[in-house]
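**Q** Mind looking over this structure? Questions follow.
The values are calculated or read from the model by the stated rules, or taken from the named source; none is laboratory data. Only a predicted model underlies this, so the values are computations on that prediction, with no experimental measurement involved. Every residue, glycine among them, receives a Cβ derived from its backbone with ideal geometry; neighbour counts consider all protein chains shown.
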Amino acid sequence: MSETKIHAFQGNEIDVHWDQRLCIHIGECGQADNSLFEAGREPWCVPDELSKAEVREVCERCPSGALSYVDKAGTPEQPAAENSGQVVYNGPLYLTGELEIEGAPEDMPGLRFRAALCRCGASKNKPFCDNSHIEAGFEDFGAIGKSGPGLEATGGPLKIKAIPDGPLKIEGNLTLKAASGRIAWQGTKTALCRCGASKNKPFCDASHREAGFKSD
């Protein structure tokens with residue numbers, strides 16, 4: 001495989017960028033009912049196959065932020081009106097919205113809108129998911145017991161800080177959905193488990209200390 005980690009697919013009106021460092025192969029792009037992405041084709045992605053609106057829509061399906069685009073008319077991607085987190089059955093946390101992930105590299109523009117964050121503690125690309133939960137045998141069915149204090153607004157900046165050897169500290173309007181899809185928790189401040197050991201997932205209960213979790 002090429003050493004290049006960011007692949008650019010150029011079109012007349014819009015370019016698509018695919019970042020291998022963030023891709024967890026969910027398949028929202030390849031399974032789309034159109035010809036933007038086709039396995040076995042060279043190049044794999046052809047932006048001119050679709051309208052700009054269709055290209056943007058497919059890229060914005062990517063839950064990890066691995067896909068981003070540059071609209072040559074200057075129309076940038078906009079954050080979702082609601083900051084939301086989807087707890088994945090035996091998997092990561094998908095965040096969407098106006099994300100401000102502390103330390104996120106400048107060359108990962110998709111992370112400003114979409115991210116897949118590790119919940120199992122085993123990722124080698126922390127705080128991002130790299131599918132290590134599969135090999136690690138991580139189990140959490142994604143139920144959420146707490147309902148939270150509620151919200152007065154749903155958008156705005158969502159600050160995410162990965163505490164060294166600890167949880168994800170979240171500040172900003174956030175709606176969390178259980179793996180069932182149920183809107184479960186709403187609030188503006190919380191700490192989410194990323195060590196895989198909490199007995200109160202997706203929330204931190206300080207189990208990372210006893211587990212000896214290391215974020216490096």
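**Q** Looking for something closer than 25 Å to LEU117 by Cα, β-branched (Val, Ile, Thr), at pLDDT below 95 and surrounded by 14 or more Cβ atoms within 10 Å (Cβ to Cβ) - is there at least one such residue anywhere in region 5-25?
**A** Yes, the conditions are met somewhere in region 5-25.
**Q** Next question, about the same structure. Take ILE26 and tell me if it is β-branched (Val, Ile, Thr), closer than 30 Å to ARG182 by Cβ and in contact (Cβ under 8 Å) with a residue 24 or more places away in the chain.
**A** For ILE26, the condition - β-branched (Val, Ile, Thr), closer than 30 Å to ARG182 by Cβ and in contact (Cβ under 8 Å) with a residue 24 or more places away in the chain - is met.
**Q** Let me ask you something else. Mind listing just one residue for me: the one in region 5-51 that is among the charged types (D, E, K, R) and not in a loop (DSSP other than H, G, I, E, B) and, of those, nearest to CYS129 (Cα to Cα)?
**A** Among those residues, the one meeting the criterion is ASP19.
**Q** Can you tell me which residue among SER64, SER84 is polar (S, T, N, Q), closer than 19 Å to GLN20 by Cα and touching a strand residue (DSSP E or B) at 6+ places or on another chain (Cβ under 8 Å)?
**A** Residue meeting the stated conditions: SER64.
One line per residue, one yes/no per condition, for (1) under 17 Å from GLU98 (Cα atoms); (2) in contact with an Asp or Glu (Cβ under 7 Å, 6 or more places away or on another chain); (3) among the polar types (S, T, N, Q); (4) assigned by TED's automatic domain parsing to the domain that holds SER123:
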| site | (1), (2), (3), (4) |
| --- | --- |
| LYS146 | no, no, no, yes |
| GLY150 | no, no, no, yes |
| PRO157 | yes, yes, no, yes |
| ASN173 | yes, no, yes, yes |
| TRP185 | no, no, no, yes |
| THR190 | yes, no, yes, yes |
| ARG194 | no, no, no, yes |
| LYS201 | no, yes, no, yes |
| SER207 | no, no, yes, yes |
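**Q** Just to check your reading of the model, which residue among LEU93, LEU117 is in contact (Cβ under 8 Å) with a residue 12 or more places away in the chain, out of contact with any Gly (no Cβ under 6 Å at 6 or more places or on another chain) and either closer than 20 Å to SER180 by Cα or surrounded by fewer than 18 Cβ atoms within 10 Å (Cβ to Cβ) (or both)?
**A** LEU117
**Q** Do we find that LYS169 is within 30 Å of VAL70 (Cα to Cα) and not assigned by TED's automatic domain parsing to the domain that holds LEU22 in this structure?
**A** So LYS169 does not fit the description; no.
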